[in-house]
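Notes follow the structure.
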Amino acid sequence: MEKQTYPITPILRAINTIQDASEYIEGIEVFLANLYKTERRNILTLLQDSFPETISRDIKEYLSAKNISLTNQEEVRQGLSHLQQGIQGAPTLTLTLAFSPTRKTINTIAAWVKKEFGSDVLLDISLNQEIIAGAVIIFEGIYTDQSTKKKLDILFEARRDEITKLLQ
């Protein structure tokens, strides 16, 4: 009987940024590297030792949903490789900010993005103080500049002659 493929969306709900995703993927790689060094009955212990409790629980639920036995090393390897590929292929919203956001701010932004664009969307946040305030956003090939710098540039361009006269 062929195993069903389940989406990885429940796990992606818990991952907010590409940095978080990288840490998750690194954890999977370490787990997979150690998988064949352990006895079959210790896969659950290895899983619990390799990840924080919430991630370990999410991975166990993911494997269970795919009907993968934690006693079958090859099935676990295949399941986690599929999960790793799914995380790497998640859609990304690129967000450039003028400030370095706190974890709380990132979580707030991520919650809004996941609500509006899908629970599997990850944030790629970068810092550029030249935008002054606001944000530059790129998602699915659409670019929008909602920065203060852009607004000041438009204002200056529209009133260039008037501003130049005032400066003389």
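The values are calculated or read from the model by the stated rules, or taken from the named source; none is laboratory data. Since this is a predicted model, take the numbers as computed values, not measurements. As a convention, Cβ positions derive from the backbone with ideal geometry for all residues, glycine included, and neighbour counts pool all protein chains shown.
Do we have Thr92 as modelled with pLDDT of 95 or more, more than 25 Å from Glu29 (Cα to Cα) and out of contact with any His (no Cβ under 6 Å at 6 or more places or on another chain) here? Full working, then the answer.
Numbers: modelled with pLDDT of 95 or more: yes; more than 25 Å from Glu29 (Cα to Cα): no; out of contact with any His (no Cβ under 6 Å at 6 or more places or on another chain): yes.
Criteria not met by Thr92.
Have a look at Ile125, Ile137, Ile154 and point out the one that is outside the structural domain of Glu29 (by TED's automatic domain parsing), hydrophobic (A, V, I, L, M, F, W, C) and either in a loop (DSSP other than H, G, I, E, B) or free of Cβ contacts under 8 Å to residues at least 12 places away in the same chain (or both).
Ile154
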Next item on the list: Within segment 61-114, work out how many residues are at negative phi and outside any helix (DSSP H, G or I).
Entry: 20
Check: If you take the residues of segment 128-153 that are surrounded by 11 or more Cβ atoms within 10 Å (Cβ to Cβ) and of a type in the set (Val, Ile, Thr), which of them is nearest to Gln85 (Cα to Cα)?
Finding: Ile138
Next item on the list: Inspect segment 115-127 for any residue being among the aromatic types (Phe, Trp, Tyr) and surrounded by 13 or more Cβ atoms within 10 Å (Cβ to Cβ) and give the result as yes or no.
Entry: yes
Check: Taking segment 50-79, which residues are over 14 Å from Ile11 (Cβ atoms) and not aliphatic (A, V, I, L, M)?
Finding: Ser50, Glu53, Asn67, Ser69, Thr71, Asn72, Gln73, Glu74, Glu75, Arg77, Gln78
Next item on the list: Could you list all residues from segment 82-125 that are over 25 Å from Ala65 (Cβ atoms) and charged (D, E, K, R)?
Entry: Arg103, Lys104, Glu116, Asp124
Notebook entry, point to check: Of all residues in segment 80-102, how many are within 13 Å of Ile11 (Cα to Cα), touching a helix residue (DSSP H, G or I) at 6+ places or on another chain (Cβ under 8 Å) and of a type outside the set (S, T, N, Q)?
Noted result: 5
Checklist line | Matching residues, segment 16-60, being in a helix (DSSP H, G or I) and in contact with a strand residue (DSSP E or B) (Cβ under 7 Å, 6 or more places away or on another chain) | finding: Ile18, Ala21
